[in-house]
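Colleague: I have a structure I would like to understand better, so I am pasting it below and will then ask my questions one at a time.
The values are calculated or read from the model by the stated rules, or taken from the named source; none is laboratory data. Nothing here was measured: the structure is a model prediction, and the numbers come from that model. Virtual Cβ from ideal backbone geometry, glycine too; neighbours counted across all protein chains shown.
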Amino acid sequence: MPPSAQNQAAPPPRISIVTIVRNGEQFVGQAIESVLKQRYANIEYVVIDGGSTDRTVDIIKSHASGISKWVSERDRGIADAFNKGVAFATGDYLLFLNADDALAGPDVIEGIAKAIVANGMPDLLYGDCNIVDRLSGEVLHRADIEVSRKALLRGQMIRHSGLFTHRSYFEKYGLFDPDFRIGMDYEWLLRGALAVRAVHVPLLVTNMRAGGVSTVNRARVVDEIVAALKKNGHISSRWAELKVRGYYRLRELAKSVLEGAGLYRAYWQFRNKRRNQARG
């Protein structure tokens with residue numbers, strides 16, 4: 001039975017959390033501890049290490065009693081590591097928690113599980129993420145995106161650190177494409193997110209550190225957004241590609257202007273305030 005056909009009497013879902021890491025000794029312990037502190041009992045935690053050469057494996061071993069499954073071996077990149085996590089996971093829903101991020105509190109998964117049941121076991125359910133300073137942990141802004149068809153087709157996506165995916169989505173739409181080095185989660189979403197039931201709930205899921213791979217290599221990100229749109233038949237002309245690239249160029253220019261004027265954080269504070277007011 002597809003998840004959208006389930007009713008609110010469904011039992012609490014088993015949730016698999018997958019963390020992939022390579023040489024992440026600085027923050028991986030915080031990510032692991034944020035999962036182990038969850039009060040929700042029906043959690044499976046999978047850690048995929050890509051053959052780290054720093055202290056990462058020692059940190060994983062020190063928490064091994066609370067980790068359901070872990071492995072340390074070389075892989076072919078992020079997509080390959082994600083796919084290993086999916087292969088190990090047995091839960092009804094999967095969440096990919098970055099090694100340099102952390103769940104926002106000990107009741108996060110319990111709240112999400114209740115939301116999943118209350119919304120009839122949707123194919124995708126996603127919450128919000130705090131973007132925090134990489135070193136200090138100070139909250140920079142809250143990312144509370146409600147993705148529309150228009151937004152998805154111009155590259156906006158649901159952050160995987162706040163997205164809970166029913167395992168039937170993987171069965172229907174497949175695993176992550178290793179040809180995508182950064183945008184594999186966006187390409188994977190493009191395959192089915194417009195055809196399934198995706199529910200946004202205004203719950204804070206994750207504190208995400210700024211400065212990850214997708215923010216330090218923006219040119220590569222845009223290239224992979226374009227490649228994903230082409231692969232899935234959403235770009236069929238040079239003009240359509242230029243519109244997507246132009247949109248991101250304008251965004252980068254606007255960000256540079258705001259940062260240069262010292263107004264970037266104020267912009268996000270104003271934006272979040274307006275959204276909260278709109279929600280009542």
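Colleague: Hey, among the residues in segment 107-146 that are closer than 26 Å to Arg274 by Cα and among the acidic types (Asp, Glu), which one's nearest to the chain's Cα centre (by Cα)?
Modeller: Asp128
Colleague: Then there's this: Can you name the strands (runs of 3 or more DSSP E) wholly within segment 1-116 that have at least 2 residues being closer than 24 Å to Val201 by Cβ and out of contact with any Leu (no Cβ under 8 Å at 6 or more places or on another chain)?
Modeller: Strands (runs of 3 or more DSSP E) meeting the threshold: 43-49.
Colleague: Yes or no: segment 185-208 includes at least one residue that is in contact with a helix residue (DSSP H, G or I) (Cβ under 8 Å, 6 or more places away or on another chain), in a helix (DSSP H, G or I) and of a type in the set (S, T, N, Q).
Modeller: No - not one qualifying residue is present in segment 185-208.
Colleague: Suppose we keep only residues that are among the polar types (S, T, N, Q) and within 16 Å of the chain's Cα centre (by Cα) within segment 150-200. Which one would you say is modelled with the lowest pLDDT?
Modeller: It comes out as Gln156.
Colleague: Go through segment 217-264 residue by residue and tally those that are assigned to a loop (DSSP other than H, G, I, E, B), within 24 Å of Phe180 (Cα to Cα) and out of contact with any helix residue (DSSP H, G or I) (no Cβ under 6 Å at 6 or more places or on another chain).
Modeller: Result for segment 217-264: 5.
Colleague: Continuing with this model, one more query. When you look at Val205, is it under 13 Å from the mean Cα position of the chain (by Cα), at pLDDT 95 or above and β-branched (Val, Ile, Thr), yes or no?
Modeller: In short, yes.
Colleague: Here is a further query. Could you tell me which numbered condition Asp58 fails, if it satisfies all but one of (1) under 20 Å from Ala118 (Cβ atoms); (2) out of contact with any strand residue (DSSP E or B) (no Cβ under 6 Å at 6 or more places or on another chain)?
Modeller: Failing condition for Asp58: (1).
Colleague: Follow-up. Scan segment 140-148 and give yes if some residue there is of a type outside the set (Asp, Glu), under 25 Å from Ala31 (Cβ atoms) and outside any strand (DSSP E or B), otherwise no.
Modeller: So far as segment 140-148 goes, yes, one or more of its residues are of a type outside the set (Asp, Glu), under 25 Å from Ala31 (Cβ atoms) and outside any strand (DSSP E or B).
Colleague: Test Gly51 against the stated conditions and say whether it is more than 20 Å from the chain's Cα centre (by Cα) and modelled with pLDDT of 95 or more.
Modeller: Taking the combined requirement at face value, the residue satisfies it.
Colleague: For Pro122, work out the one condition from (1) in a loop (DSSP other than H, G, I, E, B); (2) loosely packed, with under 15 Cβ neighbours inside 10 Å; (3) not small (Gly, Ala, Ser) it doesn't fulfil.
Modeller: Pro122 satisfies every listed condition except (2).
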